[in-house]
Amino acid sequence: MSMTALRSITGPLTKPLVAPSILSADFAALGDECQAVVDAGADLLHLDVMDGHFVPNLTMGPALCASLRERLPDTLLDVHLMVTNPLGCVDSFAGAGADHITFHVEADDDPETVINAIHSAGMTAGIAINPPTDWTALEPWLHSVQLALVMSVNPGFSGQSFIEDVLVKTAAIREQLNDDQRLQMDGGVNLKTAGACREAGCDLLVAASAIFGAAEYGSVICSLRGS
Ligand code: DX5
Ligand code: ZN
C-alpha cells in the first residue's frame, strides 16, 4: 500500500517518482486498475491525452479525468497533452481535478500563455519535447515550469522502443533545472532502460506497458525507481 499521498509534483525528492501511464491499462476496468497501481506504490498517475491531430491516436479527455479524481481523491493526476491546441484544454482538465498539465513545445508558438493559463487554473505546468527536437527549444521556458518532459519515443502509442539518443539532451536539460523541478522521461521506459534515465538525471519515470503488462505491479514500480 502506498503510504504517502502526493498532490504536488514540485519540491525536493529523496527518491525518483514512478508514474504509470494508464494508456496500457484495461480500459474496461480502469478504476480498479488505477487503484491497484496506486496501492502497489505508484506515486502518481499519468494520463495520455491525444487528439488524433498532433499525434495519430485518440485516447481520453476531461470526463475520464473527472471519474478518476472521484475514485482516487488523494492521487496526483498528471495530464500529458499531446494535442494541437493545449490552451483550449487547460480549464476543462482543471475542472476535472487534474493537478498537473504538460504540453508540447512543438504544439504551440506561445508557450508562455499556456504556462500562465495552467498556473492561473491552480495547476503545475510542464513542457515536453519530442525526440527530433533540439533541447534548446525548451530553454526559454525552463525557468517557468515545474517539469520538463523528454519523450523517448515519438508520441502516439505505448509499447514502442526507447530511443537512446535522447539521453544526451536529457542530461543537458537536467543541468538547467533546480532540485524543485522534475525531469520526466516517457516512452519505452522499462527495467532495461530506467537505469540510464535515472543516470541522465530523470527523477520521474513514466511507464505504461512495463507496468500494466507485468503480473505484479509493486516489484516493477520499485525496480523502475531503482530501489
Ligand atoms: C506515448 C505516451 C506514453 C506511453 C508510454 O505517446 O506519451 O506515456 O503511454 O508507453 P510505454 O511505457 O509502453 O512506452
Ligand atoms: Zn505520456
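Values quoted throughout were computed directly from the atomic coordinates according to the rules given, and no laboratory measurement underlies them. All of these numbers come straight from a predicted model, not from anything done at the bench. Because the Cβ atoms are built from the backbone with ideal geometry, glycine has one as well, and the counts that use them run over all protein chains shown.
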Cβ-derived FRET efficiency at R0 25 Å, S67 paired with S120, nearest 0.05: 0.50
Inter-label distance for S227 and D134, nm, one decimal - labels placed 7 Å from Cα along Cα-to-Cβ: 4.0 nm
Label-to-label distance, nm, for residues given as A196 and D26 (7 Å Cα→Cβ offset): 3.3 nm
Percent of beta bridges antiparallel (DSSP, the chain, rounded to nearest 5): 5 percent
Spacing of the two label points (7 Å from each Cα toward its C-beta) at T113 and D39, in nm: 4.6 nm
Dipole moment magnitude, nearest 20 debye, the chain about Cα centre, only Lys, Arg, Asp, Glu C-beta charged: 480 debye
Contour minus Cα-Cα distance for L6 and N154 (0.36 nm per residue): 50.4 nm
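Give the calculated FRET efficiency between T14 and H53 to the nearest 0.05, with a Förster radius of 45 Å applied to their Cβ-Cβ distance.
0.65
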Shape of the chain, Cα gyration tensor, a/c cut at 1.5: rounded
Value at 222 nm in deg cm²/dmol, rounded to 500, when DSSP H runs of n ≥ 4 in the chain each add -39,500 (n - 2.57): -8000 deg cm²/dmol
